[in-house]
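Chemist: To start, I am sharing the structure in question, which I have written as structure tokens.
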Amino acid sequence: KQEVTQIPAALSVPEGENLVLNCSFTDSAIYNLQWFRQDPGKGLTSLLLIQSSQREQTSGRLNASLDKSSGRSTLYIAASQPGDSATYLCAVVDYGGATNKLIFGTGTLLAVQP
Amino acid sequence: KAGVTQTPRYLIKTRGQQVTLSCSPISGHRSVSWYQQTPGQGLQFLFEYFSETQRNKGNFPGRFSGRQFSNSRSEMNVSTLELGDSALYLCASSLESMGGRYFGPGTRLTVT
């Protein structure tokens, strides 16, 4: 059974700092991995989608990497800003699984202090 | 392109009532899935529809049901509401069943 873990559960950094969020999954047979952010009481905003054949994806100040063999993904945020404060979630879709559902991690609550 | 829309955004219902939530996916997307989010359980998968067929169902009681129409719009229904059904219900659409998911703003359901 696929399990997704995110460390740390919460992180507080001063504005301008570069930071890394971690995501681990137990079964490397994934179809893709997606990073989301969620603001309080709101829906999920897709940040980056990495297909299983890819190693990384970049969008602006965000860079996500994927290492299937070790079951890990990282989300790198450069030059953090107070507007980056949110909960960050990673989720995987199992390859060829019967469920085709997103399996979410528990999230990292990020606070960027001005 | 317009994003995923969900209506209504907020609902207050009484125990025992039923409720219907609606989701309109991104134009051209044929897969719609539903998730329940609560502080205690996090994000839990309810079901997925693709071209009007239910592909998968999560571990929820039969009170939770859904359907998808020919225009890919989807509805989910919860009958005989319980206090524990209070949650944020999120709908996600994707181009195909294994593709990236794009979520709507959610419907906040409160059961009193």
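Please treat every number below as a calculation from the coordinates, not as lab data. Quick caveat: nothing in here was measured; it's all calculated off a predicted structure. Every residue, glycine among them, receives a Cβ derived from its backbone with ideal geometry; neighbour counts consider all protein chains shown.
Chemist: If you add up the charges near B:ASP85, with Lys and Arg at +1 and Asp and Glu at -1, over every other residue whose beta carbon is less than 10 angstrom from its beta carbon, what do you get?
Modeler: Its environment carries a net charge of +2.
Chemist: State which stretch of chain A is the longest one without any exposed trypsin sites (Lys or Arg not before Pro), exposure meaning a DSSP loop state and at most 11 other Cβ atoms within 10 Å.
Modeler: So the longest stretch without any such site is A:56-114.
Chemist: Still on this structure, I have one more. Tell me, what is a quarter of the convex hull surface for the C-alpha atoms of the range B:1-109, in nm² with one decimal?
Modeler: Mean orientational projected area (the range B:1-109, Cα hull): 6.3 nm².
Chemist: How long, wide and thick is the protein assembly as shown, going by the Cα atoms along their three principal axes, in whole angstroms, largest first?
Modeler: Principal axes ranked by extent give 49, 39, 35 Å for the Cα atoms.
Chemist: Which of the peptides B:99-109, A:17-27 is most tightly packed, and how do the rest follow, judged by the mean count of other Cβ atoms within 10 Å per residue?
Modeler: Descending packing order for the listed peptides: B:99-109, A:17-27.
Chemist: Moving to a separate point now. Of the lysine pairs in the protein assembly as shown, how many meet both conditions: Cα atoms under 29 Å apart, and a spacing of 8 or more in sequence or different chains?
Modeler: Counting lysine pairs in the protein assembly as shown gives 15.
Chemist: Which of A:TYR88, B:TYR49, A:TYR31, B:TYR10 comes first, and how do the rest follow, when ranked by fewest Cβ neighbours within 10 Å?
Modeler: Ranking A:TYR88, B:TYR49, A:TYR31, B:TYR10 by Cβ neighbours within 10 Å, fewest first, gives B:TYR10, A:TYR31, A:TYR88, B:TYR49.
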